[in-house]
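Worksheet: the structure to be examined is printed underneath.
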Amino acid sequence: PKRSREAAEGKTPGLRAGACRPGVRAAGSAAVRSVKTPTSPLSRRQWLLSSGATLAGLALSSRLLNFEAQAQQAAEPAASGPVRARLSLNENPFGPSPAALQAMTACLASGQACRYPFGEATELVALIAKKEGVTPEHIVLGAGSGELLEKVGLHFGLAGGEVIHATPGYVQLPRMLEAMGGRVVPVPVNARLEHDLDAMAAKVSGRNSVVYIANPNNPTGTVIEPGRLADFVREVSKRTCVFLDEAYLDIADRYAERTLVGLVNEERNLVVARTFSKIHGLAGLRIGYAVTSPKFAAVLRRYGGASLSFPGIVAATASLRDTGFIAAARGKIVAEREQFTALLRELGRPSAESQANFVFFQTGRPHAEVQAAMRREGVAIARTFPPLTDWARISVGTPEENALARAALRK
Ligand code: PLP
């Protein structure tokens, strides 16, 4: 849909800049619901909001679900033998905590899974709130953090808003926002393949925007120095919503210093997303969460979704309780990642400074050639990330998978 001038100028009641700031009325409010006839693109959006935005969003959402997996699948080269190491998706190949495994097995064995898991979700939210130092009202659960990214994209997109995001970067939120009629404003990463915060701040037009930052970034794996990012959030959130995606942050060094979830308590115009898909090793169970102001959390909950599974909830709860698990998992992932970076150094291939469970490196020839060559060796690497078409991303797998991939890279 085209954006109307009114929407572009942010004049629509309840849909303007700062919609995720506490105290500012958000999409879906009474003013929006009073619109009756869908005559212009904007009023069609309002009508969607009042009558079926949730359904429209969810229909699209189901197509975009497992977004990264879908994108990788679409980019797979034509069949060339079996995949022996799938290093195209960023997971924890060492699997979940034994406590999580036991909790989900017990859940299935005891027949609990035929029940709706309401009570367990309450307990999980309380645990998350305690861990993050916020109240349960600040937490929104999702079927993976991707669902929360999409809800925020849906919210700003329906309002004719815009997202300012790094490129190459993770585009689940921008894609949803654009599909809902919003505008995407890509900002190239800098020479070190890090977010260019100054350029991003300069793009904020002051209207209905969200600035999306994945820290660490995907596909580059780079992180932003915590003081610099905190200053950025404090400054930019005065003008517009900031979305910090901390999906990979547990894998980075100095986690406690790097997480900015505490800024939510300063009543910032901020959303921080976290997931159980990465370090917790629960990607297949689809569970994640957002931490934001209670006001915006309530807005996000109105978009529906969050149909979590019983095994997922009990596994996430057990994983959070297993306090030693994260450090152990991180150690194994980082040791394997370092073997990739050492090899790339030896081969003279530049790579980004990764703090995540993948490495982004310059191949020296077109990505498609490298992807196909690796695939012939049984190794699936990630799709290409324009505009860096001679760079490739490889995820950390099990030690056996990584050994196979290193041999293939050498070859
Ligand atoms: N954020 C980033 C930066 C990602 O790379 C991914 C997935 O790869 C996600 C969010 C979504 O993950 P999930 O929906 O499994 O939590």
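The values are calculated or read from the model by the stated rules, or taken from the named source; none is laboratory data. Given the structure is predicted, the values throughout are model-derived calculations rather than measurements. Positions of Cβ are backbone-derived with ideal geometry, glycine not excepted, and every protein chain shown enters the neighbour counts.
Take SER277 and decide whether it is among the polar types (S, T, N, Q), within 12 Å of the ligand (Cβ to nearest atom), crowded, with 23+ Cβ neighbours inside 10 Å and closer than 21 Å to LEU87 by Cα. Reasoning before the result, please.
Numbers: among the polar types (S, T, N, Q): yes; within 12 Å of the ligand (Cβ to nearest atom): yes; crowded, with 23+ Cβ neighbours inside 10 Å: yes; closer than 21 Å to LEU87 by Cα: yes.
So SER277 fits the description; yes.
Report whether or not VAL370 is without any contact (Cβ under 8 Å) to a residue 24 or more places away in the chain, within 19 Å of ARG84 (Cα to Cα), out of contact with any His (no Cβ under 8 Å at 6 or more places or on another chain) and not acidic (Asp, Glu).
When the stated conditions are applied, VAL370 passes them.
Hey, PRO216 hits all of (1) farther than 20 Å from GLU353 by Cα; (2) within 16 Å of the ligand (Cβ to nearest atom) but one; which does it fall short on? Tallying (1) farther than 20 Å from GLU353 by Cα; (2) within 16 Å of the ligand (Cβ to nearest atom), PRO216 fails exactly one: (1).
Taking the numbered list (1) under 21 Å from ALA214 (Cβ atoms); (2) within 17 Å of the chain's Cα centre (by Cα) in turn, LEU285 passes all entries but (1).
Go through the range 286-333 and count every residue that is assigned to a helix (DSSP H, G or I) and closer than 29 Å to LEU158 by Cα.
9
With respect to the conditions (1) out of contact with any strand residue (DSSP E or B) (no Cβ under 6 Å at 6 or more places or on another chain); (2) closer than 17 Å to ARG274 by Cα; (3) more than 15 Å from the ligand (Cβ to nearest atom), VAL171 lacks only one, and its number is (3).
Residue count for the range 190-213, restricted to those that are touching a Phe, Trp or Tyr at 6+ places or on another chain (Cβ under 6 Å) and either β-branched (Val, Ile, Thr) or within 15 Å of the ligand (Cβ to nearest atom) (or both): 2.
Only one of the listed residues (GLY169, GLY181, GLY153, GLY157) is surrounded by 18 or more Cβ atoms within 10 Å (Cβ to Cβ), free of Cβ contacts under 8 Å to residues at least 60 places away in the same chain and either of a type in the set (Ser, Thr, Tyr) or in a loop (DSSP other than H, G, I, E, B) (or both). That residue is GLY169.
Just one of the numbered conditions (1) buried (at least 22 other Cβ atoms within 10 Å of the Cβ); (2) modelled with pLDDT of 95 or more is not true of GLU346: (1).
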